[in-house]
Amino acid sequence: MEKGPFSVEWLAQSSRSGGRGMPGSPPQTPPSVPADTPRDREAAERRSPGHEAESGGAAPGRSRTKFSAAQLQELERSFREQRYIRAGEKRRLAAVLNLSQSQIKTWFQNRRMKFKRQTQDAR
């Protein structure tokens with residue numbers, strides 16, 4: 001039987017020799033197994049259930065955007081005109097307000113949800 005990287009013989013040999021494979025040979029790692037780096041572990045933690053509760057759901061290192069009064073005034077004005085922002089308007093607002101297009105898009109999504117809650121509460 002061949003001693004492939006996942007065979008019982010290979011595993012037994014690698015555990016006996018401290019993970020070095022055959023005596024005198026360089027360390028062997030199965031070719032299809034990715035390295036376990038801190039980045040890999042963090043990605044796995046983010047995918048694991050319940051991780052959102054531990055971190056509060058915010059991406060690590062990403063702080064909450066604080067909009068200035070002038071930015072909010074312009075965003076609210078644009079929202080009153082149209083609840084769904086078009087690509088051209090999104091680019092224009094991003095340039096004028098010195099924000100990214102994804103920040104504009106997210107603000108509009110959040111504002112629509114706030115509007116929905118307000119209208120449901122009013123009923």
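Taken together, the values in this text are just the output of simple stated rules run on the coordinates, not laboratory data. Since the model is a prediction, treat every value here as computed from it, not as a measurement. A quick note on method: Cβ atoms are made from the backbone with ideal geometry, for glycine too, and the neighbour counts reach across all protein chains shown.
Here are a few things to note about the model shown:
- Whole-angstrom gap from the range 59-74 to the range 79-99, using each part's C-alpha centre: 15
- Of the peptides 96-107, 63-74, the order by per-residue mean of other Cβ atoms within 10 Å, starting with the highest, comes out as 96-107, 63-74.
- Residue list for the range 96-115, given a label point 7 angstrom along the Cα-to-Cβ vector of Arg80 and an amide N cut-off under 18 Å: 108, 111-112, 114-115
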